[in-house]
Amino acid sequence: SRLFQPLNLQAGGEAGGDGRAGEPTCRSQKLMLQGGLIHPASPGCYYYMPPTVRAMEKLVKVVDEEMQAVGGQKLNMPSLCSAELWRASGRWDRMGPELFRLADRHGKGYCLGPTHEEAVTELVAAQSNLPYKQLPLRLYQVTRKFRDEPKPRFGLLRSREFYMKDMYTFDASEEAARQTYDLVCDAYRSLFDRLDLPFVKVRAATGSIGGTVSHEFQLLADVGEDRLAVCPDGHFAANVETLNGEQTSCPTCGEKLSQTRGIEVGHTFYLGTKYSSVSNAVFYSPENKPQLAEMGCYGLGITRILAASIEVLSTEDSIRWPSLIAPYQLCFIPPKRGSKEEEEGAALLERVYDDLTEALPHLAGDLVLDDRTQLTIGKRLKDANKLGYPYVVIAGKRVCEDPPVFEVWNQNAGEVSFLTKEGVIELLSKVQVP
């Protein structure tokens, strides 16, 4: 009852789109609004409520593990990016109205960074005699990004303000840069596998970022804004915008390509010297000659992954999280006030809590007690199911048995078991949190 998560779980249908009647919504947006996970602020901008921030922080931890496993070093760059840098790269004009532009009191122009290629290249170029031994450099950040979407929609799937992980790599040769490219793509695969998200890696256009090679990581969903062509046997997948009209069959096996839709959750680019040549980002070779660094950039939509995973895993009325990043792993439901199990059940649940946190200290902060004992167990179980707690432990009628038995719901597996306190601890010992 102290959790700041204003529920509106009774709302159905088109409840609370972006605040405008008849606005199309999607499953994740509806569920996140009803579950008190987000609250609309202005078009395309949301308050992220405490449970959502918990899920996001867990996701960032998993991303950090994967990025650091490939030699990533985390930094943080300013959101206010100088217009001069963007003019030099040519993107100030090319990005058009998508850029949020502003001027300071001295009339100096800035944009709110939607991406940071210019800024990071300037940073590396400022290291005046970077030795080749320091390469490869793999620098990344997780920050708020800004994009003036003409029509923000679908909640966190297309918003004006969002969180992104962006990595920028600097290598000594094209061959080394392409090895880095494969390495980071493998890290993305590993991330989505750990989250149990069914993704497709597709060939993509390079768009306003530029470069010569690009792939997107897509989660297949009807509300996805990207049209994809996929080989049924998995040999080939591409964003339709990269194909010429004639290509309808797989170049490997000749099977007819099927069309589907996807939500882009990651994007990788091999950039070559497109940005390093503008800022003169050089390193010194073994012969002490200056050479332009070969670059790549790699984005993951952090808040978009949260919404997209709810979109693809959930049912129409119940949230399902990737279990690794669920805001809380476990909900305890004590007996209803006034029931004959009330005192015994509450005391036994407290003991389970104490023993659980002693045996599995990593879960100590991941447990919620639904103390709304004026409500029936059934009503609270229904709410817990809608909010997507991976596990629910109920002190029902059987807690008065000897030994006491708890009703345990494993929501993601759709299983119910009746377990003693030791059984509950053993079941939860398999749960992973980042």
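With the contact rule set at Cα under 8 Å and sequence spacing of 6 or more, what percent relative contact order holds for the chain?
Reported as a whole number, the value is 15 percent.
At what distance in nm do the modelled label points of Ser249 and Ala83 sit from each other, each positioned 7 Å from its Cα along Cα→Cβ?
5.4
What number, in percent, do you get for the relative contact order of segment 328-429 if the mean sequence gap of Cα pairs under 8 Å and at least 6 apart is divided by its residue count? Numbers along the way, then the final one.
Details: 163 pairs, mean separation 32.4, N = 102.
Relative contact order of segment 328-429: 32 percent.
Evaluate the Debye formula for segment 202-341 with equal point scatterers sitting on the alpha carbons, no solvent, and hand back log10 of I(q)/I(0) at q = 0.14, 0.15, 0.16, 0.21 Å⁻¹, in q order, two decimals.
-0.84, -0.90, -0.96, -1.21
If you add up the charges near Pro136, with Lys and Arg at +1 and Asp and Glu at -1, over every other residue whose beta carbon is less than 10 angstrom from its beta carbon, what do you get?
-1
Between Ser258 and Asp222, what FRET efficiency follows from the Cβ-Cβ distance if R0 is 22 Å, with the result rounded to 0.05?
The calculated FRET efficiency here is 0.95.
Per the Debye formula with a single identical scatterer at each Cα and no solvent contribution, what log10 I(q)/I(0) holds for segment 130-176 at q = 0.17 Å⁻¹?
Log10 of I(q)/I(0), two decimals: -0.64.
Work out, step by step, the length gained on full extension between Asp402 and Ser285: first 0.36 nm times the residue separation, then minus their alpha carbon distance; give nm to one decimal.
Here the segment from Asp402 to Ser285 would lengthen by 34.6 nm.
Kindly report the accessible area of the chain per residue (heavy atoms of protein chains, probe 1.4 Å, no ligands, DNA or RNA), in Å².
46
Of all accessible surface on segment 27-313 at a 1.4 Å probe, what whole percent is carbon and sulfur?
That share works out to 48 percent.
Explain nothing, just compute: Karplus ³J(HN,Hα) = 6.51 cos²θ - 1.76 cosθ + 1.60, θ = phi - 60°, for every residue of segment 366-380 in order, whole Hz, x for Gly and Pro.
3J(HN,Hα) across segment 366-380, in whole Hz: 10, 10, 10, 9, 7, 8, 7, 6, 6, 8, 5, 4, x, 5, 5.
Name the residues whose placed amide hydrogens come within less than 5 Å of the amide hydrogen of Gly396, ignoring near sequence neighbours (fewer than 5 apart) on the same chain.
Placed amide hydrogens put Glu407 under 5 Å from Gly396.
Given axes a ≥ b ≥ c from the Cα gyration tensor, I'd like to know whether segment 47-139 is rounded (a/c under 1.5), prolate (a/b larger than b/c) or oblate.
Because a/c hits 1.5 or more and a/b fails to exceed b/c, segment 47-139 counts as oblate.
Based on the mean of other Cβ atoms within 10 Å per residue, sort peptides 350-361, 370-381, 240-251, 156-167 so the most packed one is first.
By packing density, highest mean first, the sequence is 156-167, 370-381, 350-361, 240-251.
Across segment 427-433, in residue order, what do the Karplus-derived ³J(HN,Hα) couplings come to in whole Hz, using 6.51 cos²θ - 1.76 cosθ + 1.60 with θ = phi - 60° and x for Gly and Pro?
4, 7, 5, 7, 6, 9, 10
For segment 328-429, what is the per residue volume of the convex hull drawn over the alpha-carbon atoms, in cubic angstrom?
85
Which pairs break 19 Å Cα to Cα here: Lys61/Lys133; Lys336/Lys397; Lys58/Lys421; Lys61/Lys421? It would help to have the intermediate numbers written out before the result.
Values: Lys61/Lys133 29 Å; Lys336/Lys397 11 Å; Lys58/Lys421 28 Å; Lys61/Lys421 31 Å.
The answer is Lys61/Lys133; Lys58/Lys421; Lys61/Lys421.
Excluding residues fewer than 8 places away in the same chain, name every one of the lysines whose C-alpha is closer than 25 Å to that of Lys108.
Within reach: Lys145.
Nearest 5 is fine: what % of DSSP beta bridges in segment 328-429 come out antiparallel, could you say?
Close to 55 percent.
Computed from these coordinates, which is Cα Rg over 2.2 N^0.38 Å: (i) 1.13; (ii) 1.26; (iii) 0.98?
Working out Cα Rg over 2.2 N^0.38 Å from the coordinates points to (i).
How charged is the neighbourhood of Ser173? Take every other residue with its Cβ under 15 Å from the Cβ of Ser173, and add Lys/Arg as +1 and Asp/Glu as -1.
Residues close to Ser173 contribute a combined charge of -3.
Mind listing the phi-derived Karplus ³J(HN,Hα) values for segment 60-73, rounded to whole Hz, using 6.51, -1.76 and 1.60 with θ = phi - 60°, and x for any glycine or proline?
Each residue of segment 60-73 in turn: 4, 4, 5, 4, 4, 4, 5, 5, 6, 5, 9, x, x, 10 Hz.
Roughly how far apart, in whole Å, are the Cα centres of segment 279-318 and segment 91-164?
12
Is any residue of segment 96-115 close enough, with backbone N under 17 Å, to a label point placed 7 angstrom from the Cα of Ala126 along the Cα-Cβ axis, and if so, which?
Correct set: 110-111, 113.
Set the Förster radius R0 to 45 Å, insert the Cβ-Cβ distance between Thr206 and Val53 as r into 1/(1 + (r/R0)^6), and round the FRET efficiency to 0.05.
0.85
The values are calculated or read from the model by the stated rules, or taken from the named source; none is laboratory data. What you see is a predicted model; the values in this text were computed from it and never measured. In this analysis, Cβ positions are derived from the backbone assuming ideal geometry, glycine residues included, and neighbour counts consider all displayed protein chains. The accessibility values were calculated without ligands, DNA or RNA, using every heavy atom of the protein model including side chains. Shrake-Rupley method; radii C 1.70, N 1.55, O 1.52, S 1.80 Å.
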